[in-house]
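In what follows, a structure is listed as structure tokens, so that the remarks can point back to it.
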Amino acid sequence: MLGLYNYRTMEAKARQIISQHCPECMYKMSAVPIEWLAEKAFGLSIDYQHLTKNGERVLGKLICTDGLTPYYDMELQQYAFLQVYAKTILVEVRLLENVHNGRCRFSVAHELAHWILHREMIVQSNHEAALDESINDVKMEQQADYLASALLMPLGAVKRYFHSLFGKYSGDALICEMAEHYGVSRQAMEIRLKSHNLI
């Protein structure tokens, strides 16, 4: 059964995690080192693979049990199975390109959010959690998206940084400056600011 996590609960959970593991991100208003957080604070491994032939749709997977998962073998030009181990985040390797840096960080944060919120349910169902853009309206995906945003863009720090820039930047320039500062996509930052009535 899906846990009852509302937005307030997830904001509090993100604040607790950031305060415990990288408090400087709250006070110095710096980008959250999401890969470090996943690997060092939660003991997960991150691996980059070609998850699909064209690099679209499935951007990340959380592996909770040892087994096999499909991936695209570029050498053989066909789908194959990859041996995977519990506590692994797989990320689409194409996201490592600079133009997709914010998307890559969000994919890691999304899968980490699944680990924090849903790992018991995923283990019981013997499935993977996958960041699949075609199913982002499912409740579990919405929760993972929200917690990922809260981890990458801690609300208190984002508000302070927003007010420190107010007057220096406006409109799209403000969103772009904040997105670059926090290492997220422009779209992710815009959604975060709008959801808290900052723009």
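See the values below:
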{"item": "Within the range 69-84, considering residues that are surrounded by fewer than 15 Cβ atoms within 10 Å (Cβ to Cβ) and in contact (Cβ under 8 Å) with a residue 24 or more places away in the chain, the one nearest to MET121 (Cα to Cα)", "result": "TYR79"}
{"item": "Long-range neighbours under 6 Å by Cβ, at least six apart or interchain, first residue touching a residue at least 40 places away in the same chain (Cβ under 8 Å) and of a type in the set (Ser, Thr, Tyr) within the range 45-68, second surrounded by 17 or more Cβ atoms within 10 Å (Cβ to Cβ) and in a loop (DSSP other than H, G, I, E, B)", "result": "none"}
{"item": "Verdict on SER30 being among the polar types (S, T, N, Q), outside any strand (DSSP E or B) and in contact with a Cys (Cβ under 9 Å, 6 or more places away or on another chain)", "result": "yes"}
{"item": "Within the range 113-133, considering residues that are among the aliphatic types (A, V, I, L, M) and within 15 Å of the chain's Cα centre (by Cα), the one modelled with the lowest pLDDT", "result": "LEU131"}
{"item": "Yes/no for TYR5 being open to solvent by 30 Å² or more (accessible area, probe 1.4 Å), closer than 21 Å to TYR85 by Cβ, in contact (Cβ under 8 Å) with a residue 40 or more places away in the chain and not in a helix (DSSP H, G or I)", "result": "no"}
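The values are calculated or read from the model by the stated rules, or taken from the named source; none is laboratory data. Please read these numbers as outputs of a predicted model, since none were measured by experiment. Using ideal geometry, Cβ is built from the backbone for each residue, glycine included, and neighbour counts are taken over all protein chains shown. Ligands, DNA and RNA are excluded from the accessible area calculation, which covers all protein heavy atoms including side chains. Shrake-Rupley method; radii C 1.70, N 1.55, O 1.52, S 1.80 Å.
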